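Notes for the one structure printed next.
The values are calculated or read from the model by the stated rules, or taken from the named source; none is laboratory data. All values reported here derive from a predicted model rather than from experimental measurement. Cβ coordinates were reconstructed from backbone atoms using ideal geometry, including for glycine residues, and neighbour counts include every protein chain displayed.
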Amino acid sequence: MIFKKGELFCGPGGLALGAKMARVVDQNGVEYKVEHEWANDIDEFACKTYAHNICPDKPHTVIQKDVRKLDLDSLGEIDAFAFGFPCNDYSNVGERKGLEGEYGPLYTYGVKVLRKFRPKWFIAENVSGLQSANDGLAFSMILKDLKESGYRITPHLYKFEDYGIPQTRHRIIIVGIRDDINKEFKVPAPTHGEGRLPYKTARQALTEPPIPSNAFNHEMTRHSSKVIELLNHIPAGENAWYEEIPEHLRLNVKGARISQIYRRLHPDLPAYTVTGSGGGGTHMYHWSEPRALTNRERARLQTFPDDFVFMGGKEKVRQQIGMAVPPEGAKIIIEAILKTFAGIEYESVEPKWSADEFMHQQLELDLISV
Ligand SMILES: C[S@@+](CC[C@H](N)C(=O)[O-])C[C@H]1O[C@@H](n2cnc3c(N)ncnc32)[C@H](O)[C@@H]1O
């Protein structure tokens, strides 16, 4: 059974690669898998990366455009839908005009796709901060809109390190199955961590196997001698606020001290979260060599294979890698969806939120809209 997938906010294709790799076979030998149909993103280089790696034989199906100008009528039918919507702006949550307004919050364009194409299932992704945005009302409203589009939803906070990803990365992922389909998605059980398999470490990710010096996107950053000296005084796992850094090298920062500044990886732990933006000191630093990671090393922490080529300059590539869903993590969740459809049992845990938990907040939303 092949699910044709459409995708909004496709980025470089982290979710898409997970979907492409996912495959299950039921007891009758029937294969369940996902095939790319179309994708959209506003960013030129993310689209180029996606087309090059996910659908090189039909690059025209990756449409580079602001989603607010995308003509849904021009897109082909789909059975599955993915959208890692940006958490740009929920400021008009209380106004309740999102779905109708031309420039509503970006997730509403995903809701429009669900209502128009009625895919059998969807997967949506967002940062963990979504749960507290607008005092929780944004999350509540998004879940309500997804449910009211005709889906049974399972929102959960996935801790990717618990699934063998060499990085502490926590993301809200919502899986929806169309109301008329009698299948119940369950959150796949963690496989790594205490009492389970050991966590995958930063060292394993970066050295097993070693990265060839001519690997794609593997250019080193040139640092000033002061940065190198500073890094040489920071032990693995510590950051720019380590107390034994000599006075003359200390950063002169007033206010909040961000713990990721010049933070070096700990080789025997999963890495901290790979991010896509930020200035000096936020590029993630090697545990033994006094330098920032290369994009290929960041891609390894995100579980992209070495032959996945990112397009664009160094900063554009860093941005794409930092925004993506780790493909190996996406694969685990999408295979669980495929197993749900194939009727294959798998170990599961309770979701962090039950879809009904938000009823009281929905009541508040309804009151706001009166
Ligand atoms: C979190 S990333 C998605 C990453 C993707 N799910 C992956 O796994 O690779 C969000 C994406 O939304 C895109 N985006 C932001 N505003 C947009 C808009 N108005 N129209 C279309 N895409 C937009 C960004 O360019 C970015 O690639």
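Quick notes on this structure:
- Criterion (of a type in the set (Ser, Thr, Tyr) and either touching an Asp or Glu at 6+ places or on another chain (Cβ under 6 Å) or buried (at least 21 other Cβ atoms within 10 Å of the Cβ) (or both)) met by exactly one of 207, 201: 201
- When 33, 48, 20 are checked against the criterion of being farther than 18 Å from residue 70 by Cα, crowded, with 19+ Cβ neighbours inside 10 Å, basic (Lys, Arg) and touching a residue at least 24 places away in the same chain (Cβ under 8 Å), a single residue qualifies: 20.
- From the options 7, 37, residue that is under 24 Å from residue 176 (Cα atoms), more than 8 Å from the ligand (Cβ to nearest atom) and either small (Gly, Ala, Ser) or at pLDDT 95 or above (or both): 37
- Assessment of the range 230-252 against the conditions (at pLDDT 95 or above, among the hydrophobic types (A, V, I, L, M, F, W, C), assigned to a helix (DSSP H, G or I) and surrounded by fewer than 18 Cβ atoms within 10 Å (Cβ to Cβ)) yields no matching residue.
- Checked against (1) surrounded by fewer than 24 Cβ atoms within 10 Å (Cβ to Cβ); (2) near the ligand (Cβ under 8 Å from one of its atoms); (3) farther than 21 Å from residue 315 by Cα, residue 43 passes all but condition (3).
- Of the listed requirements (1) closer than 20 Å to residue 266 by Cα; (2) more than 13 Å from the ligand (Cβ to nearest atom); (3) in contact (Cβ under 8 Å) with a residue 12 or more places away in the chain, residue 289 misses just one: (3).
- All positions within the range 51-78 that are crowded, with 20+ Cβ neighbours inside 10 Å and either of a type in the set (Phe, Trp, Tyr) or part of a loop (DSSP other than H, G, I, E, B) (or both): 55, 78
- Sole residue being more than 21 Å from the chain's Cα centre (by Cα), more than 12 Å from the ligand (Cβ to nearest atom) and at pLDDT below 95, chosen from 98, 104, 76, 29: 98
- Filter result for residue 142 (touching a helix residue (DSSP H, G or I) at 6+ places or on another chain (Cβ under 7 Å), within 16 Å of the ligand (Cβ to nearest atom), farther than 30 Å from residue 280 by Cα and at pLDDT 95 or above): no
- Top-ranked residue of the range 297-331 - restricted to ones that are β-branched (Val, Ile, Thr) and buried (at least 20 other Cβ atoms within 10 Å of the Cβ), ranked as nearest to the ligand (Cβ to nearest atom): 325
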